[in-house]
Amino acid sequence: MELRIPYIVFKTGTGEYGVDAYFSLRVEKPERRATLIRRTDALERVNAKPPGTLLDAGSVDGYLTSLFMALYDLSGERFNERAHHMRRWSLWRLIGIPTGHQRHVDRDEELAEKSREALLALAIVRKVLGVKAPTELEKVRIIPKGYAVLRLEISGETVSDPVYRELFKIDSNAGMAIQWLRLKTEREER
């Protein structure tokens, strides 16, 4: 089955990009939304608003700046949560209180993975917007350029695009949203 995913094309000071206008509002965590921003090389431009578009071209500026703020806050929270866990565990070890070594190692690995995911997503949005901190957001100009689609080939468990393949594996909301998009596009094309 071929699926056409709607994108909004926009331009910033660092280049021209497209943001997924359907799945970016359907994914479970904000960290995963940043992976749905890509360069326009793989996108096919269209003249009209594609079926299934949930994000409007006029609101892409607000969407990207709020995504940056959410990821900026989230990356700091994840780092602080991991540091707090490590401080408490180190203190317990120093005092000599047995608390279960493997349990703490497992918890630290889980927190490290969450922190890495948030920091990588923040790095993507920083690159796209060309900013480092929230104070620089007022200087960013995001210019909507229209709509595009990304053609995906889905056959059972295999998906032609590696980003979407991984997203559908780890995010249950995105996996369920595939069927809604397919039905909506079929209905609007009739």
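Each Lys or Arg adds one and each Asp or Glu takes one away; over the other residues whose Cβ falls under 14 Å from the Cβ of residue 94, this sums to +3.
Working note: 222 nm ellipticity from helices only, DSSP H runs with n ≥ 4, each -39,500 (n - 2.57), summed and divided by the residues of the chain, gives -17500 deg cm²/dmol to the nearest 500. Note on residue 29 and residue 163: their simple-model spin labels are 1.8 nm apart, each label 7 Å out from Cα toward Cβ. In this Cβ point-charge picture (+1 for Lys and Arg, -1 for Asp and Glu), the stretch 42-190 has a dipole of about 300 debye about its Cα centre. Residues whose amide H falls under 5 Å from that of residue 145, counting only those 5 or more places apart or on a different chain, are 9, 10, 11, with hydrogens built in the peptide plane.
Consider a paramagnetic label point 7 Å from the Cα of residue 182 along Cα→Cβ; state which residues of the stretch 24-46 have an amide N under 20 Å from it. Counting only backbone N, you get 24-28.
Once the Cβ-Cβ distance of residue 39 and residue 80 is raised to the sixth power relative to R0 = 41 Å, the FRET efficiency obtained is 0.80.
For the stretch 76-167, the square roots of the Cα gyration tensor eigenvalues, ordered a ≥ b ≥ c, give a/c of at least 1.5 with a/b no greater than b/c, which places it in the oblate category.
Within the stretch 8-72, the GluC sites (Glu not before Pro) that combine a DSSP coil assignment with at most 16 other C-beta atoms in a 10 angstrom radius are 28.
In a simple Cβ point-charge model (Lys, Arg +1; Asp, Glu -1; nothing else charged), the stretch 24-121 has a dipole of about 160 debye relative to its Cα centre.
Quick note: the coordinates plus some simple rules give every number you see, no bench work behind them. As the structure is a computational prediction, the values presented were derived from the model and not from experiment. Neighbour counts are summed over all protein chains in view; Cβ atoms, including those assigned to glycine, are modelled from backbone coordinates with ideal geometry.
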